[in-house]
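Let me begin by presenting the structure, written as structure tokens, before commenting on it.
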Amino acid sequence: MRTPRLLAAALACVATFAAIAANAGEAEIRKNLGARFPQFQKIDEVRKTPIDSLYEVRINGSDLYYTDGDGNYLLQGELIDTKARRNLTQERMDKLNEVAFDKLPLQDAFKMVRGNGERKLAVFADPNCGYCKRFEQDLQKVDNLTVYLFLYPVLGPDSQAKSRDIWCSKDKDKTWNDWMLSQVKPGAAASGCDTAALARNVAFGRKYNISGTPTLIFADGSRVPGAVPADQVEQKLAAIKK
């Protein structure tokens, strides 16, 4: 009856040695890459890939590289699982780029409700962004949706001014749509209006690497950059609801 105990002990030893080896590999990777490349002196994470002796190295939040266990060779590119037809690099990037919806500072957005508003979408947009205007036109086709619009003025001083005027208007929803859909310029903001939310939005975007507009964040935390067509937005919303 000692065999099961011996087997369990042996398996525990194997697991321990495997963990020690993995830690040793990570330490070697950090040491060698950090000594050879200045940008790798601060490595966010080292993790194993499905390929033996191939490690993922992450820096600057979401920049991915691949290396051997000693950090002697470095690859940059996409890792493809040919059998499953999966882009493992893109899947990893999508995961890293997720933003938990309940972590969004919704107090710094204004809300637009269409239909019953049961589905949720956050949008970071610049009022001078042509792609944002195209997206707003297309989004009119999507119903039963609550949009949390984060003004994200990153295209210059005029974007700051228009964002201020929209944020400080009495009816933000109408002022935004009048400008984005009909080119009706927002009226000048009243003096003393608190626009700190705009600076917080930009700071939040920088923290989460929101580099372009529009950027969409869905209720499941997934992020989609760009002017996504209405049918794709609808498909994504429907999939989340299921």
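Read the figures in this text as sums done on the coordinates, not as results from a lab. These figures come from a predicted structure and were not determined experimentally. Please note: Cβ atoms are built from the backbone with ideal geometry, for glycine as well, and neighbour counts cover all protein chains shown.
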119, 206 arranged by Cβ crowding within 10 Å, fewest neighbours leading: 206, 119
Nearest-20 debye value, the chain charge dipole, Cβ charges on Lys, Arg, Asp, Glu: 380
Loop trypsin sites (Lys or Arg not before Pro), the stretch 24-92, which have at most 13 other Cβ atoms in a 10 Å radius of their Cβ (DSSP): 42, 83, 85
Separation in nanometres of the label points that stand 7 Å from Cα toward Cβ, at residue 73 and residue 27: 2.5
Lys, Arg +1 and Asp, Glu -1 on Cβ, resulting dipole of the stretch 101-241 about Cα centre, debye, nearest 20: 200
Sequence-distant residues sharing a close amide H with residue 119 (under 5 Å, placed H): 145, 146
Centre separation in Å (Cα based) which lies between the stretch 154-182 and the stretch 66-124: 28
Listed pairs 103/162; 48/120; 103/133; 42/83; 31/103 exceeding 31 Å between Cα atoms: 48/120; 42/83; 31/103
³J(HN,Hα), Karplus 6.51/-1.76/1.60, whole Hz, each residue of the stretch 100-114, x for Gly, Pro: 4, 4, 6, 9, 5, x, 4, 5, 9, 10, 10, 9, 10, 10, 10
Ranked list, fewest to most other Cβ atoms within 10 Å of each Cβ, for 129, 193, 168: 193, 168, 129
Nonlocal amide H pairs with residue 45, under 5 Å, H built at 1.01 Å: 58
